[in-house]
1. If contacts are Cα pairs under 8 angstrom and at least 6 residues apart, what is the relative contact order of chain A in percent?
2. Volume per residue, Å³, of the convex hull around the alpha-carbon atoms of segment B:34-151?
3. Where does the charge balance sit around A:Ala139 when Lys and Arg score +1, Asp and Glu -1, over other residues with C-beta under 12 Å from its C-beta?
4. Please sort through the DSSP H helices of chain A and keep those with an alpha-carbon extent of at least 24 Å along the long axis and a Kyte-Doolittle average not below 0.5.
5. What would the Debye equation give as log₁₀ I(q)/I(0) for chain A at q = 0.15, 0.18, 0.21 Å⁻¹, counting only Cα atoms as equal point scatterers?
6. Hey, got the average number of other protein chain Cβ atoms within 10 angstrom for residues in A:35-45?
7. Suppose the chain between A:Asp46 and A:Leu141 were pulled fully straight at 0.36 nm per residue; how much longer would it get relative to their current alpha carbon spacing?
8. Counting only the backbone N, which residues of segment B:57-81 are under 18 Å from the spot 7 Å out from the Cα of B:Asn117 toward its beta-carbon?
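The values are calculated or read from the model by the stated rules, or taken from the named source; none is laboratory data. Small disclaimer: the values here were computed from a predicted structure and weren't measured. Note that each Cβ is placed from the backbone with ideal geometry, even for glycine, and that neighbours are counted across all protein chains shown. Heads up: the accessible areas ignore ligands, DNA and RNA and are worked out on the full protein's heavy atoms, side chains in. Shrake-Rupley method; radii C 1.70, N 1.55, O 1.52, S 1.80 Å.
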Amino acid sequence: MKVLKFSMVMISAAAMLGWLILRKPASASDILEPVCYTAFISHASDPEAGQALALAAQEWEGVSAVSYNAGSDLLVIAHTDLWTPATLKSRLSTLTSTPPQIKQFTPSPGAQCPVPVEIVEMIPGFLLSLSIFSTIVLAGLMVFKRKKALVSLYQ
Amino acid sequence: MSSYFKTLLFAALVGVCTIIACKKDDDTPAVEASLYDRLGGITAISAVVDQFIANVVADNTINGRFAATVANPSRARLLRLNLIDQVCAGAGGPCSYKGMTMKEAHTGMNITQAEFNALVGDLVAALDQFNVPEKEKNELLAILGPMQTDIVGQ
Ligand code: HEM
């Protein structure tokens, strides 16, 4: 029991320390909705047609920015989770006779972090949960021990 | 004089003093609001950063650099938040930038001056799209400009 309690104290303290170091301090940006970027090859007949597509998309709910570059013929849409690349594509297709095509960006091979960003982002939350969990277990163990002592006192 | 009258007189005196004090405040030159406030706060900054990233991704001269970022939504989200926090904190707003230093983030990329200029061009285009006044635009560029030495040729 003593070893278990000691381990719980150590895990809780270490996890709390890790969380304190890794956590992102409160920031005004915490209130912002996450945004994704989807790029399309617009296949617009001329720059004006591409610009018209961009202006139309700018008005849609859940779209925070649109950029059309006549030089690259790329139409890039910054959007919330209200949209997926597929739903954006089908909506854009209703506005033009030549449907835009999703541009796939292929990362160049080279040194990259082997740990996915999603995992790295989850670490502080995991550490905080671990710290809270081990504190609850520790409190439970202490209550359990007290109850046992009280029971033996009245027997 | 009744105590009721005395209290009334005292209250009136306090009121007059407050009005005079406020008037004096009005006369002193107002302290200029921070760049963060003048830009329009976090919502305006995030709108400009979204436009800026969209401009960069549409820009064939540099978008290859961000291929891995755009291909991975979590990575793109992180870059966006880091840029918003960086601009917000640099402009004196209530944000904390928790990303890498500019030298750490760009080391090994061998970014050229032309690429840097293209990226700044995309930022200026985003600021212009939102009609950010010349003064605020220049103040923001003056905050980011000195980072060039840590970004180009690293
Ligand atoms: C004033 C100019 C610039 C600023 C303020 C800036 C800012 C940043 C910031 C805040 C990050 C994220 C750091 C982190 O992940 O902790 C970043 C990453 C990056 N920057 Fe820059 N940068 C600038 C110029 C450039 C230029 C000119 C290029 C290339 C053309 C570039 C390419 C990249 C790339 C590829 C990443 C990694 C993105 C990722 O994590 O997926 N940057 N930059």
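1. 33 percent.
2. Output value, Cα hull per residue: 100 Å³.
3. Net of charged neighbours comes to +3.
4. Correct list, ordered by number: A:2-22, A:117-154.
5. Calculated log10 I(q)/I(0) at the listed q: -0.90, -1.06, -1.21.
6. 4
7. 27.0 nm
8. What the label zone holds, given the 18 Å backbone N cut-off, is B:59-63.
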